[in-house]
Amino acid sequence: MKFTLSWLKDYLETDASLADIADMLTRVGLEVESLDDRAQLAPFMIAEIKEAEPHPQAERLRVCNVFNGHETLQIVCGAPNARAGIKVVMAPIGAIIPSNKLEIKASSIRGVNSNGMLCSAAELSLGEDGDGIMELPAHAQVGQPYAAFAGLNDPVIEVAITPNRGDCLGVYGIARDLAAAGLGTLKTLSIPEISGKGSSPVNVTLNNPHCPYFIGRYFRHLTNKQSPLWMQQRLQAIGLKPLSALVDITNYIAYTYNRPLHVYDVKKLQGQLDVRLSNEGEKLTTLQHKEAILPGGLTVIADQANVQAVGGVIGSEASGCDENTTEAFLEIAYFDPAHVATSGRKLGIHTDSRYRFERNVDPVFMMDAAALTSQLILELCGGEASELVIAGTAPSRDKIIEFNMERVYSLGGVRASVEVIARIINALGFVVTDKGNGTLSLKVPTWRPDIDGEADIVEEVSRIYGYHHIEETLLPGIAERTQPVATPQQNRHWMLRHLLAARGMMEMVSWSFMSSQTAQKFHPVVPALTLRNPISADLDVMRQTIIPHMLDVMKRNHNRGFSDLALFESGPVFLAEATKQQSVMAGLRSGQHDRQQPHQGARIVDVFDAKADIFALIEASGIPTENLSVTTDTPSWYHPGRSGCIKLGKAVLGYFGEIHPAIRDAFDLPMAVVAFECILDHIPAAKVKATRTKPRLVLSEFQKVDRDFAFMLDDAISAEQLLRSVRSAEKQLITQVTIFDVYKGKGIEPGKKSVAFSVTLTPKDKTLTDQEINQVSQLIIDNVSKQCQGVLRG
């Protein structure tokens with residue numbers, strides 16, 4: 001929401017500085033996004049070139065005698081359009097050029113004195129034209145400050161408006177908040193009495209439940225000239241292009257009072273107006289000069305031949321007003337906010353009108369808006385106004401809230417006197433009835449439909465009185481707390497994020513939603529996870545995996561030349577039941593691993609990198625990796641032969657593997673991508689012991705023993721099965737089992753394989769004897785023979 005300082009002061013009596021106003025706006029919840037006071041243009045003046053002669057020492061320069069209203073100065077200028085008789089913008093000595101911060105000084109240019117500078121639009125940061133100096137209209141007054149002439153001496157303020165504060169999409173609503181905060185006095189609106197002459201030849205019928213109230217007025221004998229300079233300057237300051245008095249008036253009222261309007265050229269209408277639902281396939285050429293084909297069920301205003309507007313969204317080019325308009329019909333209607341939002345979304349049209357109707361406008365203000373708009377039309381365009389055309393009734397917004405003033409402290413933590421609370425509530429427009437015992441009966445103003453209960457009143461008082469008045473108070477028990485505030489799960493999550501960062505991965509954060517088109521590449525779209533009102537068309541379903549977002553980020557980086565990536569993200573994924581979710585930590589790697597490693601050559605990442613990542617997470621969570629099993633039950637987006645599912649008993653802790661080539665191709669990624677997904681909710685919490693009887697790391701004083709074995713196994717026996725059978729042979733002494741060779745081929749029967757592995761025995765209390773070593777070796781042979789049907793190779 002943009003407005004100028006003078007516009008604000010039309011409705012707020014205040015002596016506050018621009019800085020104080022900006023500070024107060026942010027304090028009351030209307031955060032200032034930009035502040036353009038254009039004070040840097042103050043020194044620049046309008047001047048006239050009296051003479052312009054060639055420079056004696058430079059072909060492209062001219063020596064100009066410039067009159068600034070007080071004296072004639074000699075200025076050397078290099079602009080090709082510098083000539084006698086034109087009015088220009090002059091920078092006097094001491095001025096700072098906005099575009100390059102150059103200070104103007106008296107100087108000698110090629111032996112000729114120069115006492116100022118003639119400026120281009122680019123040098124003043126007012127445009128991109130830097131080829132020549134600015135040429136001003138003949139009526140520009142020499143000696144006048146240029147900022148005043150161009151309307152650039154009025155600071156422009158831009159504030160961010162939250163969705164519930166539609167009332168502050170009008171300058172008057174912002175003035176009301178500032179006045180309530182004590183920064184001035186809100187000026188009382190003077191509503192004129194417009195006596196209409198005769199009935200309107202244009203009548204309106206309502207055949208649409210989404211438009212319960214419509215006010216119109218017909219104007220005749222109009223002269224639709226340009227709007228006055230003050231109105232044009234204000235509209236230009238906020239980024240609107242002045243078109244004609246009738247159109248500019250509707251924009252001005254919308255920004256002043258948050259009251260969108262529309263005006264029709266009556267001579268372009270065919271018959272009466274009907275507010276109805278659109279029919280499938282009806283067409284409308286919008287004021288943006290684009291043809292829209294309407295779906296059925298939109299709110300439209302139509303004459304007897306064509307649709308002339310989509311209610312609350314946009315009007316038709318066919319009935320728009322122009323310089324030839326002499327008869328006009330003013331529309332002041334109330335449209336259902338949700339229906340306006342739906343209509344705009346279906347058409348893909350964004351307008352100031354839609355933006356305001358979506359955030360609620362005041363239906364009770366419609367009569368006042370009709371009078372204020374009518375007055376401006378009659379003043380600026382002349383003519384006569386008819387009596388009002390009224391159809392329907394205004395929606396009721398009579399809302400009463402019983403409010404206990406003690407709630408300001410108990411809910412908001414703000415200690416304010418009864419007098420201060422009452423003053424703020426009154427200033428915000430509530431009708432107050434004192435019921436005694438600190439209780440007030442409050443009638444909510446019709447422009448604040450977002451106020452529903454006591455908590456909302458407390459928020460209003462708190463923001464106006466000032467959040468800085470909230471006392472700092474520790475929560476009960478915090479001061480006496482001896483245990484860390486963070487939960488074990490939070491500490492584990494923090495630790496795992498740092499672990500992945502230490503492994504060279506970068507953290508990313510993405511939406512918990514995704515496109516249904518993308519989701520279909522991974523799993524069927526579940527209706528229960530489809531959003532009814534998505535914030536964007538490409539974020540319309542809840543995600544069931546984080547991988548698609550990560551692939552999308554990887555694709556964007558690859559397109560920019562960054563293919564060696566290692567990313568991770570932690571967040572929720574949503575199950576098909578829709579009411580359940582899981583906390584997941586996922587990672588992706590692509591390209592070369594350790595490209596800049598000085599001690600060894602780089603290699604392409606593979607499935608074992610992803611496996612190492614997820615095993616590191618699980619092991620850091622306190623789960624011994626020897627207790628894990630790996631199966632092939634992986635989701636469809638993993639390569640079926642290069643992936644694994646990690647289980648602890650029957651619980652699935654996560655997945656790892658290479659992304660399926662079909663998925664990779666769908667994201668247009670030419671290189672292999674490996675990924676892992678760790679389901680944090682399935683990892684058991686680490687057991688906490690009251691006392692620790694031995695150090696975490698136990699080192700043996702005795703010599704370890706390594707023994708190698710080679711077994712002939714069926715090809716179907718997995719490495720995981722073999723390792724588990726070996727470890728279970730002697731759990732106390734066997735500390736490590738490593739497979740170092742797998743052979744199939746010449747000399748090995750079909751369907752068989754030779755697997756060799758090394759076993760490390762680490763004694764704790766004595767050196768092992770040969771007999772003890774042989775006993776363990778035999779246990780290993782027996783276990784592998786029994787559990788894996790393995791035959792020891794000689």
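The values are calculated or read from the model by the stated rules, or taken from the named source; none is laboratory data. Quantities reported herein were computed from a predicted structural model and do not represent experimental measurements. Virtual Cβ from ideal backbone geometry, glycine too; neighbours counted across all protein chains shown. Accessible surface areas use protein heavy atoms only, side chains included; no ligands, DNA or RNA. Shrake-Rupley method; radii C 1.70, N 1.55, O 1.52, S 1.80 Å.
Looking at (1) open to solvent by 30 Å² or more (accessible area, probe 1.4 Å); (2) more than 13 Å from Leu713 (Cα to Cα), find the lone condition where Val791 falls short.
Unmet condition: (2).
State yes or no: is Ala292 more than 21 Å from Ser343 (Cα to Cα), open to solvent by less than 40 Å² (accessible area, probe 1.4 Å) and among the small types (Gly, Ala, Ser)?
Values: more than 21 Å from Ser343 (Cα to Cα): no; open to solvent by less than 40 Å² (accessible area, probe 1.4 Å): yes; among the small types (Gly, Ala, Ser): yes.
No.
In the range 297-350, which residue that is of a type in the set (D, E, K, R) and over 24 Å from Val266 (Cβ atoms) is surrounded by the most Cβ atoms within 10 Å (Cβ to Cβ)?
At the first step, the residues of the range 297-350 found to be of a type in the set (D, E, K, R) are 303, 317, 322-323, 327, 331, 336, 345-346.
Next, from what is left, pick out any that are over 24 Å from Val266 (Cβ atoms): 336, 345-346.
Details: Asp336: 19, Arg345: 16, Lys346: 15.
By that ranking, first place goes to Asp336.
Go through (1) in a helix (DSSP H, G or I); (2) touching a helix residue (DSSP H, G or I) at 6+ places or on another chain (Cβ under 6 Å); (3) among the β-branched types (Val, Ile, Thr) for Val525 and report which single condition fails.
Going through (1) in a helix (DSSP H, G or I); (2) touching a helix residue (DSSP H, G or I) at 6+ places or on another chain (Cβ under 6 Å); (3) among the β-branched types (Val, Ile, Thr) one by one, Val525 breaks only (1).
Please work out which residue is most open to solvent (accessible area, probe 1.4 Å), limiting yourself to the range 97-123 and to residues that are under 21 Å from Phe149 (Cβ atoms) and touching a strand residue (DSSP E or B) at 6+ places or on another chain (Cβ under 7 Å).
Initial filter on the range 97-123 (under 21 Å from Phe149 (Cβ atoms)): 97-99, 104, 116-123.
Remaining after also requiring touching a strand residue (DSSP E or B) at 6+ places or on another chain (Cβ under 7 Å): 97, 104, 116-119.
Working: Ile97: 0, Ile104: 10, Gly116: 11, Met117: 40, Leu118: 9, Cys119: 0 Å².
Here the residue is Met117.
Specify which of the listed residues (Ser99, Ser120, Ser125) is within 44 Å of the chain's Cα centre (by Cα) and on the phi > 0 side of the Ramachandran plot.
Values: Ser99 fails: on the phi > 0 side of the Ramachandran plot; Ser120 fails: on the phi > 0 side of the Ramachandran plot.
Just a single option satisfies the conditions, and that option is Ser125.
Quick check on my filter: what residues within the range 399-420 are over 20 Å from Thr473 (Cβ atoms) and in contact with a helix residue (DSSP H, G or I) (Cβ under 6 Å, 6 or more places away or on another chain)?
Hit for the range 399-420 is Phe403, nothing else.
Of everything in the range 380-406, what is within 39 Å of the chain's Cα centre (by Cα) and either buried (at least 17 other Cβ atoms within 10 Å of the Cβ) or not charged (D, E, K, R) (or both)? Give them in sequence order. Even if it seems obvious, please write down each step before you answer.
First pass over the range 380-406, keeping only residues within 39 Å of the chain's Cα centre (by Cα): 392-406.
Passing the criteria: Gly392, Thr393, Ala394, Pro395, Ser396, Ile400, Ile401, Phe403, Asn404, Met405.
For the range 765-788, how many residues are open to solvent by less than 90 Å² (accessible area, probe 1.4 Å) and touching a helix residue (DSSP H, G or I) at 6+ places or on another chain (Cβ under 6 Å)?
Matching residues across the range 765-788 total 4.
Search the range 129-144 for residues being among the acidic types (Asp, Glu) and more than 14 Å from Ile86 (Cβ to Cβ), and hand back the single one that is nearest to the chain's Cα centre (by Cα).
Asp129
If you check Gln732 against the conditions, is it among the polar types (S, T, N, Q) and in contact with a Ser or Thr (Cβ under 6 Å, 6 or more places away or on another chain)? Give the steps one after another, and end with the answer.
Numbers: among the polar types (S, T, N, Q): yes; in contact with a Ser or Thr (Cβ under 6 Å, 6 or more places away or on another chain): no.
No.
Examine the range 358-379 for a residue that is more than 24 Å from Asp336 (Cβ to Cβ), exposed (fewer than 15 other Cβ atoms within 10 Å of the Cβ) and of a type outside the set (S, T, N, Q), and state whether such a residue exists.
Yes: one or more hits.
Under 8 Å between Cβ atoms, which residue pairs at least 6 apart in sequence (or on different chains) link something in the range 423-438 that is on the phi < 0 side of the Ramachandran plot with a partner that is part of a helix (DSSP H, G or I) and not aliphatic (A, V, I, L, M)?
Matching pairs, first to second residue: Ile424/Glu460; Ile424/Tyr465; Ile425/Glu460; Ala427/Arg176; Leu428/Arg176; Leu428/Asp177; Leu428/Glu460; Val432/Asn426.
Would you check which residues across the range 614-648 are free of Cβ contacts under 8 Å to residues at least 40 places away in the same chain and open to solvent by 60 Å² or more (accessible area, probe 1.4 Å) and list them? It would help to see each step written out before you state the result.
Let us first name the residues in the range 614-648 that are free of Cβ contacts under 8 Å to residues at least 40 places away in the same chain, namely 615, 619, 624-625, 627-628, 631-634, 638-648.
Residues satisfying the conditions are Glu619, Asn627, Thr632, Asp633, Pro640, Gly641, Arg642.
Taking the condition of being within 13 Å of Ala150 (Cα to Cα) and open to solvent by less than 40 Å² (accessible area, probe 1.4 Å), how many residues in the range 236-258 meet it?
In the first step, residues of the range 236-258 are kept if they are within 13 Å of Ala150 (Cα to Cα); the result is 236-237.
If we keep only those that are open to solvent by less than 40 Å² (accessible area, probe 1.4 Å) too, we end up with 237.
Going through the range 236-258 one residue at a time, the tally reaches 1.
If I ask for residues that are closer than 13 Å to His469 by Cα and either free of Cβ contacts under 8 Å to residues at least 60 places away in the same chain or of a type in the set (Phe, Trp, Tyr) (or both), which ones from the range 403-419 would you list?
Taking the range 403-419 as the starting set, the residues that turn out to be closer than 13 Å to His469 by Cα are 408-409, 412-417.
Across the range 403-419, the qualifying residues are Val408, Tyr409, Gly412, Val414, Arg415, Ala416, Ser417.
What number of residues within the range 388-439 satisfy the criterion of being not aromatic (Phe, Trp, Tyr) and not in a loop (DSSP other than H, G, I, E, B)? Step through it out loud before you land on a result.
First, the residues of the range 388-439 that are not aromatic (Phe, Trp, Tyr): 388-402, 404-408, 410-429, 431-439.
Checking the rest, the ones that are also not in a loop (DSSP other than H, G, I, E, B) come to 389-392, 400-402, 404, 407-408, 410-412, 418-427, 431-434, 439.
Final tally of qualifying residues: 28.
Identify all residues within the range 652-669 that are surrounded by fewer than 12 Cβ atoms within 10 Å (Cβ to Cβ) and in contact with a helix residue (DSSP H, G or I) (Cβ under 8 Å, 6 or more places away or on another chain); write none if there are none.
Matches in the range 652-669: Asp668 only.
Run down Phe44, Phe67 and say which single residue is farther than 26 Å from Gln233 by Cβ, out of contact with any His (no Cβ under 9 Å at 6 or more places or on another chain) and modelled with pLDDT of 90 or more. Even if it seems obvious, please write down each step before you answer.
Values: Phe44 fails: farther than 26 Å from Gln233 by Cβ.
Among Phe44, Phe67, only Phe67 is farther than 26 Å from Gln233 by Cβ, out of contact with any His (no Cβ under 9 Å at 6 or more places or on another chain) and modelled with pLDDT of 90 or more.
When you go through Leu287, Leu277, Leu294, Leu269 one by one, which is the residue that is in contact (Cβ under 8 Å) with a residue 60 or more places away in the chain, in contact with an Asp or Glu (Cβ under 6 Å, 6 or more places away or on another chain) and over 16 Å from Ile377 (Cα atoms)? Break it down into steps so the answer makes sense when it comes.
Details: Leu287 fails: in contact (Cβ under 8 Å) with a residue 60 or more places away in the chain; Leu277 fails: in contact with an Asp or Glu (Cβ under 6 Å, 6 or more places away or on another chain); Leu294 fails: in contact (Cβ under 8 Å) with a residue 60 or more places away in the chain.
Going through Leu287, Leu277, Leu294, Leu269 in turn, just one is in contact (Cβ under 8 Å) with a residue 60 or more places away in the chain, in contact with an Asp or Glu (Cβ under 6 Å, 6 or more places away or on another chain) and over 16 Å from Ile377 (Cα atoms): Leu269.
So, restricting to strands (runs of 3 or more DSSP E) that lie completely within the range 238-344, which ones have at least 2 residues that are under 34 Å from the mean Cα position of the chain (by Cα) and closer than 30 Å to Ser396 by Cβ? Steps first, answer last, please.
On the way: elements: 262-265, 273-277, 283-285, 291-293, 299-302, 307-310, 328-334.
Ranges flagged: 262-265, 299-302, 307-310, 328-334.
Restricting the range 124-139 to residues that are buried (at least 19 other Cβ atoms within 10 Å of the Cβ) and assigned to a loop (DSSP other than H, G, I, E, B), which is modelled with the lowest pLDDT?
Taking the range 124-139 as the starting set, the residues that turn out to be buried (at least 19 other Cβ atoms within 10 Å of the Cβ) are 124, 126, 133-134, 136.
Checking which are assigned to a loop (DSSP other than H, G, I, E, B) leaves us with 124, 126, 133-134.
Working: Leu124: 87, Leu126: 79, Ile133: 94, Met134: 92.
In this case the residue turns out to be Leu126.
Mind checking which residues of the range 750-782 are part of a loop (DSSP other than H, G, I, E, B) and either without any contact (Cβ under 8 Å) to a residue 24 or more places away in the chain or at positive phi (or both)? So that I can check it myself, show each step before the final result.
Filtering the range 750-782 down to residues part of a loop (DSSP other than H, G, I, E, B) leaves 750-751, 762-769.
Within the range 750-782, Pro750, Gly751, Thr769 qualify.
For Gln490, only one of the following conditions fails: (1) open to solvent by 50 Å² or more (accessible area, probe 1.4 Å); (2) at pLDDT 90 or above; (3) not in a loop (DSSP other than H, G, I, E, B). What is its number?
That leaves (2) as the condition not met.
When you check Ala756 against the structure, is it within 21 Å of Phe702 (Cβ to Cβ), out of contact with any Ser or Thr (no Cβ under 8 Å at 6 or more places or on another chain), of a type outside the set (Lys, Arg) and open to solvent by less than 30 Å² (accessible area, probe 1.4 Å), yes or no?
On the way: within 21 Å of Phe702 (Cβ to Cβ): no; out of contact with any Ser or Thr (no Cβ under 8 Å at 6 or more places or on another chain): yes; of a type outside the set (Lys, Arg): yes; open to solvent by less than 30 Å² (accessible area, probe 1.4 Å): yes.
Judged against the criteria, Ala756 is not a match.
Can you name every residue in the range 353-387 that is acidic (Asp, Glu), farther than 23 Å from Val313 by Cβ and in a helix (DSSP H, G or I)? First the steps, then the outcome.
Taking the range 353-387 first, the residues acidic (Asp, Glu) are 358, 362, 368, 379, 384, 387.
The next check asks that each one be farther than 23 Å from Val313 by Cβ; those that pass are 368, 379, 384, 387.
Once the filter is applied, which keeps residues that are acidic (Asp, Glu), farther than 23 Å from Val313 by Cβ and in a helix (DSSP H, G or I), the range 353-387 yields Asp368, Glu379.
Quick one: is Tyr264 at pLDDT 95 or above and open to solvent by 10 Å² or more (accessible area, probe 1.4 Å)?
Here the answer is no, as Tyr264 does not meet what is asked.
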